[in-house]
Amino acid sequence: MYNLMKKKLLTYWFYLTAVVCFMCLIPLPLLLVHNEKWHKYIHILAKFWVGVLFKLNLLSVEVEYRFKPGRKQIYVFAPNHSSLLDIPIMIYAVSQFFIFVGKSSISKAPLLGYVYQRMHITVDRNNARSKYSVLEKSKIAIRKKKSVLIFPEGGIATENPPQMTPFKEGAFRLAIEEQVPIVPITMPYNWIVMPDEKLPSYNYHHLKVIFHEPIETIGMTLHDLPMLRQRVFEIVDNELKVQPAGKV
């Protein structure tokens, strides 16, 4: 009974702090989003919001760099996806400005959706035309010297986290066609802190993000796509298997 009450209180506190911090900061992004040159400042504000949110909830995040991403280097980031916390964690951990590729339903969220759809790339995964459009928009972002972050599972699809589902090809096609490095990222514990539920509960647990060595794609063709996809999957999957088991 005590543990259940504690869990509910922690969950209520998490959502309260998230909403209060968000409402305090959202006026500026609503103004800045209309000028693409100002989007990097929205990213800075988002990092500040996430940092404050984590501190108020006593969340510790260990970021392990097997390599340090160059601030001026362009990458395709490819993390595993098991929790609604994955997006805030990526904002917190990735040092440079980047563009998300996320599901179109995010654009329906009040205020946040307005900013998100003007700053990032949304996809309707049930629409083939939308998927093609996302690839083209992602290429444009890279040519504008912006890194792109794509969850290669195509959403939170796993039923047995942290076990992953097979990767889709979008991130790898983008990296090969634009000849930019792809960076595998492992997040082993996000699913514990905020599981994928209709109204996710909050469970305290330390967090960890591992940036693996980038895989160069210069000289690769689409013939190499299956190999690249499997290589990134194995890097992330092997790391999930060797990380200490978390407690739900």
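Derivation of every value follows stated rules applied to the coordinates shown; laboratory data play no part. The model shown is predicted, which means the values in this text are computed figures rather than measured ones. All Cβ positions, even for glycine, are placed from backbone atoms using ideal geometry, and neighbour counts span all protein chains on display.
Straightening the chain between Leu4 and Ser105 buys 33.3 nm, computed as 0.36 nm per residue apart minus the Cα-Cα spacing.
Ordering Val148, Ile74, Val115 by Cα displacement along the dipole of the stretch 61-242 toward the positive end leaves Val115 in first place; charges were set at the Cβ atoms of Lys, Arg (+1) and Asp, Glu (-1).
In this structure, Arg118 and Glu213 have a Cβ-Cβ separation that, at R0 = 51 Å, corresponds to a calculated FRET efficiency of about 0.95.
Sorting Tyr114, Tyr202 by the number of Cβ atoms found within 10 Å of their own Cβ, with the fewest placed first, yields Tyr114, Tyr202.
Report the local net charge at Pro29: Lys and Arg +1, Asp and Glu -1, summed over other residues whose C-beta lies under 15 Å from its C-beta. Net local charge, Pro29 excluded: +3.
Note on Val19/Asn238: beta-carbon distance plugged into 1/(1 + (r/R0)^6) with R0 of 51 Å gives a FRET efficiency of 0.85.
Convex hull of alpha carbon positions in the stretch 114-190: directionally averaged projected area 6.1 nm². This model, with +1 at the C-beta of Lys and Arg and -1 at the C-beta of Asp and Glu, gives the chain a dipole about its Cα centre of some 740 debye.
Taking 12 Å as the cut-off, the amide N atoms of the stretch 75-94 that come nearer than this to a point 7 Å along the Cα-to-beta-carbon line of Ala157 belong to 81.
Run through the DSSP bridge list for the stretch 61-242 and note the antiparallel percent, rounded to the nearest 5. Walk me through the numbers on the way to the answer.
Values: 3 of 21 bridges.
Of those bridges, close to 15 percent are antiparallel.
Rounded to the nearest whole Hz, the Karplus-based 3J(HN,Hα) values (6.51 cos²θ - 1.76 cosθ + 1.60, θ = phi - 60°) of the stretch 207-220 follow the sequence 10, 9, 10, 10, 8, 7, 4, x, 9, 6, 10, 4, x, 6, with x at glycine and proline.
Scaled against the 2.2 N^0.38 Å expected of a compact globular protein of N residues, the Cα radius of gyration of the chain reads 0.99. For Lys137, the aspartates and glutamates whose Cα falls under 20 Å of its own Cα, not counting residues fewer than eight places away in the same chain, are Glu36, Asp124, Glu153, Glu169, Glu177, Glu178.
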